[in-house]
Structures are given as structure tokens and as C-alpha cells.
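Report on the following structure.
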Amino acid sequence: VQLVESGGGLVQAGGSLRLSCAASGRTFSNYGMGWFRQAPGEEREFVAAISRSAFTRYTDSVLGRFTISRDNTKNTVYLQMNSLKPEDTAVYYCAAASASSGSIWLRRNDYAYWGQGTQVTVSS
């Protein structure tokens with residue numbers, strides 16, 4: 001399984017970015033997907049997840065600002081990020097769940113495959 005992220009960059013506080021993650025190597029629609037992020041000196045943390053049926057979950061700090069979605073026809077998962085804050089600055093990673101099920105996965109250990117990461121920098 002390969003995951004390739006794109007869409008990161010530098011944006012001012014209050015701005016928006018959309019991250020994309022293109023997946024290949026297995027039947028995309030059968031698996032849950034997630035986004036995590038890692039700031040310098042910090043642990044990698046959960047941001048958002050989407051089940052194969054498009055149920056979603058978010059960490060509290062991004063609720064109402066970020067939206068995860070998926071397009072099974074394009075084997076792609078997205079993270080729309082609005083009202084960005086300097087504390088959102090991190091490397092963002094796309095992840096694909098280990099198990100083929102309808103569950104929604106929130107922990108790092110639930111994911112077997114990771115992208116290379118894309119840098120998001122929010123200036124104040």
C-alpha cells in the first residue's frame with residue numbers, strides 16, 4: 001500500500017488548506033483512513049478519521065474547523081482545514097487502517113500504512 005500526501009504549505013492564521021492523500025495497492029473503499037500530525041518535539045497525534053462508510057471523528061481541537069472526506073472513485077482522502085491557527089503547524093500524515101472493517105480508528109496502532117507527511121505551517 002502506498003499513500004502520497006499533497007497540499008501542505010505556508011498560510012496565515014485564519015486561512016485554509018486542503019490536504020489530499022492518494023492511495024494505491026489495495027481496495028481503498030474497504031478500509032478506514034485517518035490523518036495525524038506531529039509538531040516538533042511532540043508525539044504524533046490523531047486529527048481525524050473516516051470509516052469506509054464515511055462516518056467521521058475529530059480531535060476536539062479541530063472540531064468545526066477541519067473536515068475529513070473521501071472519494072472512493074479516486075482512491076483519495078482529503079482534509080479540509082479552515083480557520084487555521086499557529087498551533088496547527090505540524091507535519092500531517094495520512095494513514096490507512098490495518099483491518100478491513102466498518103470501524104472508525106482513532107489510535108496510531110490501528111493504522112498499518114503511512115504516507116511520507118506534508119508540512120503545514122501557519123503564521124501568526
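Since every read-out is calculated from the coordinates, none of them should be taken as a lab result. Everything quoted here is computed from the prediction, not taken from an experiment.
So for the chain, what are the equivalent ellipsoid semi-axes in whole Å, largest first, each being the square root of 5 times an eigenvalue of the Cα gyration tensor?
23, 14, 13
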Expected vector for the range 83-97, Karplus 3J(HN,Hα) from phi with 6.51, -1.76, 1.60 and θ = phi - 60°, integer Hz, x for Gly and Pro, equals 6, 5, 10, x, 6, 7, 4, 4, 8, 9, 10, 8, 9, 10, 5
Using θ = phi - 60° and the Karplus curve 6.51 cos²θ - 1.76 cosθ + 1.60, what whole-Hz ³J(HN,Hα) does each residue of the range 115-120 get, with Gly and Pro shown as x? x, 7, x, 9, 7, 10
Listed by chain and number, the residues whose amide H is under 5 Å from that of Ser98, excluding neighbours fewer than 5 places away on the same chain and using placed H, are Tyr111, Ala112
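Using the Cα gyration tensor of the range 50-103, with a ≥ b ≥ c the square roots of its eigenvalues, what is the shape: rounded (a/c below 1.5), prolate (a/b larger than b/c) or oblate (neither)? Could you put the intermediate results ahead of the total?
Details: a/c = 1.94, a/b = 1.86, b/c = 1.04.
Here the range 50-103 falls in the prolate category.
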